[in-house]
Every structure is written in C-alpha cells, then in structure tokens.
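The values are calculated or read from the model by the stated rules, or taken from the named source; none is laboratory data. No experiment lies behind these values; they were computed from the predicted model shown. Glycine also receives a Cβ, built like all others from the backbone with ideal geometry; neighbour counts cover every protein chain displayed. In case anyone asks, the SASA skips ligands and DNA or RNA and just uses the protein heavy atoms, side chains included. Shrake-Rupley method; radii C 1.70, N 1.55, O 1.52, S 1.80 Å.
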Amino acid sequence: MISVEQLTVEFGGSPLFDEISFLVNPKDKIALVGKNGAGKTTMLKIFAGKLQPTKGHISMPKDLTIGYLPQHMIHNEGTTVTEEAEKAFEHITELQAEIEKMSQELAERTDYDSPGYHALIDKLAHANEHLQIIGNGNFYAEIEKTLIGLGFERTDFQRQCSEFSGGWRMRIELAKILLQRPDVLLLDEPTNHLDIESIQWLESFLISSGSAVILVSHDRAFIDAVTNRTIEISLGKIYDYNVNYSKYVQLRKERHEQQVRAYENQQKMIQETEDFIERFRYKATKSVQVQSRIKQLEKLERLEVDLEDTSRLNLKFQTTVHSGIIPVEIEHLSKTYGNHLVLDDIAMIINRGEKVAFVGRNGEGKSTLVKCIMNEIEYSGKLKLGHNVKIGYFAQNQASLLDENLTVFETVDYAAVGDIRTKIRDILGAFMFGGEASDKKVKVLSGGERSRLAMIRLLLDPVNLLILDEPTNHLDMRSKDVLKEAIKSFDGTVIVVSHDREFLDGLVTKVYEFSNKKVREHLGGIYDFLQHKKMDSLRELEINQPQKTANVAEKEKVVSENKLSYEARKEHSKKIRKAEREVEEAEKQIFVMEAGIDEMNKELENPQKASDPEFIILYQKKQRELEHRMYEWEILCEELESLKNEFD
C-alpha cells in the first residue's frame, strides 16, 4: 500500500534517517518507537506530506486517503462541536450540492436533444450512483457515537469549539479524523488528552478499524493493545518487528545485547590494530604490515550502538519527617463553580504511606479536589491535612513557575542538596536533557520540556505527600519507568491523577473513581478497578432488562422505600411527561413525512416524473429530512428511557 524506498532526511548536514526502506500493508497496526529526537514525528509528517525527504521517496496509490493527528495544531474558530465534526463528511455534502446544481441546470435547459444535455444527464446519474456507494444516509448518528466515545456529552454538541480547552479541541480533531475513515491513520500521541474510558473506547475503535494505523505513543498499555507490528527508529536506521510492543521489548533486548557484543569486539580489534600501528610505525621491516593495517581501519565500517541505559538509574524522591497517621481527611465536601455543581458531599480518608489513584472522565472533579487539598480554591465541608504534612505538587501549570533566565542545569543545580548533587547529570539524562540540552535556557524550552524539568525539581524537594496531576503526559517510556520506580520507593503518601494504566499498574493499591459528582473508593490496583467496572456494567445491563429477577425485585423494593421527596418526584414526572409529548410529536411528524414520501414513490412510477429534475431534488430533500427527524426521534426515545429508569 505504501512503499518507503531509500529514505534519507538530513538536518544541518547530519542524517536523521539514512536510506531506510519498509512497506506499510493494508490493516497494519504499527507502533513507531524510538528515543525522543529519533525521528518518529518527522516520519509521520513525511507520510502526511507535511515534510519532504532529502533523498528517496514514498510511493502510494493516488486515491489513498490519510488522516493525520499531530501533537500540536492550529484549531478552527467559529464552529460548534457538531459543525466541526460534520467536516469529516464534506465530500458527501459537496457531492449532494453538486447533484442539486446539476439537477437545477437540467430543469432550466430546453435543448433536450443536444449532446450537452445528454452528457449532463449521464454525469448526474453517475454522481447519484457514487453518492449511493459512499453513503448519503444519516451520518449524525455516527458523529454522536464518536463524540460520546471520546468523552463529550450531548449538551456539548452545540457549544462553540472555542469554549473548550486545547485538550478537548484535540479530541474534536481526533473525532473528525476517525469519522473520515481514511485508509491510513497517523496518530501522534493521541492519548495525551484522553481519560481512561476514552482511551479504552479509542483502543476498541482502532482494533476493529479497517484502516492501517501508524501510531506514536508513550502509553505502553495502549500501543500494546492496538498494534501488531513495531518499527523502531535508532541511530538513523529502522528495525522492523512483526510483533506487538511487549514482544518487541524482549526481542530488542536480545538484539541490543548482540549489538553491544559486536561493538565491543570491534572496539577491541580497533584498539589492537592502532596499538600495532603505533608500535611498528617507524620500523622498516614492518612497514608493509603497518600500511595494510592503516588501510584496513580506513575501510572498516564502524559499528554504532546506543549504549545509553538509564533503566537501572536509582532515583528517589527526597523525604522529610513523617506526617501524621492520616495525611488527608475529607468529610461532606462540596464544590460549585457558579451554578455548576462539580463535587457533591464527598468523603475520603487517605492513610500515611498509601499510594492512591484519582481516575474518571475529564471534568468529573479530579483536579478540582486536588486544588481543594492544596487550598487553592474555596469549598464547603471539611478537609483536614494531618500533622507535619509537607506537600510536593506537580500540576499542569507547574512549568510556568520556572525561572526562564536559568539554564536547565542551573534550575536543577539550585534545587539539589546533599548527595543527589552528584547525580544531576544522570537525572537530566534520564529525563531527556542529556549533553548540550542541559545548557538550554528555560525560556527556549517547549511546554513538554518545561513539564519534565518541573518534575525533576519535584524529585529534589523533601516532602511526605506527593500529589501528581497527569505527570506522564510528556515523558517517554524510559523516563516514566524512572519516575514510577522513584514513586514506588517513596515512603510517604502519594496521590496520582492519571489516565496511564501501565504507569498506575503495580504503583497504586487504591483507586478513587470520580463520577456523577461523587467519589467512590475501590480497593486494589488499576486493573482490579477496570475489571470491577466491567462487572458493574453487566449488572446495570441486567437491571435494565424488562424481565427482572427476584433479587432485582427485592433490590427495587429497598430502593422504593427510600423515595425521592414529593417535590422532586413531581418535577421528575413533569420532565417525563414533556419528554413523552416530544416523542409523540416526533412520531406524528415521521408518520406524515413517510406518507408524503410514499406518495412521491408512486409518482416516480410515472416516467415523466422520474425524469423531472425538480421533482428528484425535492424527493431527495424529503428523504434527508425524514432521516434527520428519525435520528432526533431516537435521541428523544433514549432520553425518555433514561428519565424513566431514574424511578427504578
């Protein structure tokens, strides 16, 4: 499908890719991996046509469609969420407009016997056939399904895109790309702004998608679930493994060990040869052998190997004195922004030494509660910090607090105290600030680089309660491993807000789920929680079945004894009656519209009507109106069912 042939890319005279070649096959799910700066994003940009290689070329069919999600993009303004998502179907709406234009032209022309008139009829017929093939049906249901899968509520659909944060606008762009169903999906860090539920939905979508996928991600669990092939970029070369990421890691370790042995053997041979040359350089009897060895070294193809290995780097968060037995105690805490209730009467006790995760969909109050703990915002209820609690806090805006006039090294050096000062270079290397990068000024760093630097600062600050809000978004896998080990060895208390399942696995022993303005405690690790959630979903499904078991009936009896107040039930009944009227009105309109289309179908049996362009335009318009009203009726029925279930 796509052929990469002898591709070379050079920046500043040094090669990023050096004559690499590989094929992308239909339905391939490829993880593109490598150290930061290896060229993963550059490769995606070349595939997307955003960059041109120095040499070599990429061959692909002319009609191949590509969807590209970059890490950073310029967002469109002046559209609602639905209007922006609808752009995925512009090819359909443009074809519909073209058909209407041709039909109108046919209606106005009177040169029925001219070649031009017959050519226009043929063109219109071909366009209608093409429209039937690509689908002229109701795509609003597909838009809704995708937006909800990515975490949007129906109430968000008509909001302006400009009202959303950059992360949510990235989701809109992702939805638009997925709805286009391109032949090839190029995704650069698509999970950075998604919560766990949205990531799982995206996983399922990509696994079942007929598109080929080329994916760059530092979310190990995500790429492991989605991909079946791994291409590593290292030192300008590629290494192609026809396996998923976990198996690639094992195979890469074996290859790396072989490369290191070959490199060390060659270095030994080079040293011995150079020693021989130096020893006998000025002896006439050895001049032939010396010249032979010199030529041998000149012709030698020097092996390169990535010898950097920070996997064993042992970093620790600096601890201060122990806190009290209960560092965080919360009772009856509520938080509103204006009239919007975010957290409603929640309670929580976090004990000393516990490592807990805050999870849930974006907007459910995780970061809000963290801000309450940090005393950054006002709230109602009780929130008490224990004796001697000293908090180390990593937030998304943490990077903005750095001194822009310092270098990376100075930023860390000024914060380091004690023995850790001897490891500053190692720490910087582990977080991708090795070599000359440590001399960069903070003001020239990207947002991701600043976040990593802020994380290093936190490593050096003596604390006994760590609060980390999405700490892994800008870290590569090696850096995440270093951070995870540092948190595991930390003997204080840890709260992690994260969507990264692989990072949380084996790290936390308790999960707090934020949902519907409440917080629910789950004992166990992140995968215990996810398994429990699946079971909960099944139970909910059983409860919603028309025929209910005796146990469910008993459960209903208990619930009924704790009924809503009279006023609340009265208001709820009013909503149901309104929803029933709306469903009934929609059904009446659909009945009238279907009857009208049935009459038009009968008229189409008349050849004169069937060849009347104005009639055909009207017929197609009525069909689209019916499809849209059917879609609205489905939504109204779902909302009515949801309201009725609240009584159960």
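A few points about this structure:
- Shape annotation for region 35-74: C-alpha extents along the principal axes are 31, 27, 16 Å, from largest to smallest.
- Placing +1 on each Lys and Arg Cβ and -1 on each Asp and Glu Cβ, with no other charges, gives the chain a dipole about its Cα centre of roughly 2920 debye.
- For region 371-439, the alpha carbon convex hull comes to 126 Å³ per residue, rounded to a whole number.
- Based on alpha-carbon atoms, the Kirkwood radius and the radius of gyration of region 202-302 give Rg/Rh equal to 1.31.
- Working note: Cα atoms of region 319-413, range along each principal axis, descending, whole Å: 45, 34, 22.
- Two-decimal Rg/Rh across region 414-495, once Rg and the Kirkwood Rh are taken from alpha-carbon atoms: 0.94
- Calculated over region 143-241, the projected area of the Cα convex hull averaged across directions stands at 7.2 nm².
- Per residue, the convex hull around the alpha carbon atoms of region 233-272 comes to 64 Å³.
- Acute angle (nearest 10 degrees) that the helix 550-560 long axis makes with the longest principal axis of the chain, alpha-carbon atoms: 80 degrees
- For region 231-385, fraction of C-alpha pairs farther apart than 21 Å, in %: 71 percent
- Think of a 1.4 Å ball rolled over the protein heavy atoms: the chain then has 54 Å² of accessible area per residue.
- Per-q log10 I(q)/I(0), region 77-226, q = 0.12, 0.16, 0.18 Å⁻¹ (Debye; single scatterer per alpha-carbon; no solvent): -0.62, -0.90, -1.05
- Per the Debye formula on identical point scatterers at the alpha carbon atoms of region 1-128, with no solvent, log10 I(q)/I(0) at q = 0.14, 0.16, 0.19, 0.20 Å⁻¹ is -0.84, -0.93, -1.10, -1.16.
- Over the chain, all Cα pairs binned in 10 Å intervals from 0 give whole-percent P(r) values of 3, 11, 19, 21, 18, 13, 8, 4, 2, 1, 0, 0, listed from short to long.
- Formal net charge of residues neighbouring A595 (Cβ-Cβ distance under 12 Å; K, R +1; D, E -1): 0
- Pairs of Cα atoms farther than 17 Å apart, region 160-206, %: 33 percent
- Judged by the mean number of other Cβ atoms found within 10 Å, the most tightly packed of the peptides 379-387, 405-413 leads the ranking 405-413, 379-387.
- M477, M630, ranked by accessible area, largest first (probe 1.4 Å): M630, M477
- Packing here is the average count of other Cβ atoms within 10 Å per residue, and on that basis the peptides 105-112, 357-364, 608-615, highest first, run 357-364, 608-615, 105-112.
- Region 568-635: proportion of alpha-carbon pairs further apart than 13 angstrom, %: 69 percent
- Whole-percent carbon and sulfur share, accessible surface of the chain, 1.4 Å: 49 percent
- Across all directions, the average projected area of the convex hull around the alpha carbons of region 193-241 is 4.1 nm².
- Rounded to 10°, Cα long-axis angle of helix 245-280 versus longest principal axis of the chain: 30 degrees
- Rg/Rg_globular for region 351-465, with Rg_globular taken as 2.2 N^0.38 Å and Rg from C-alpha atoms: 1.24
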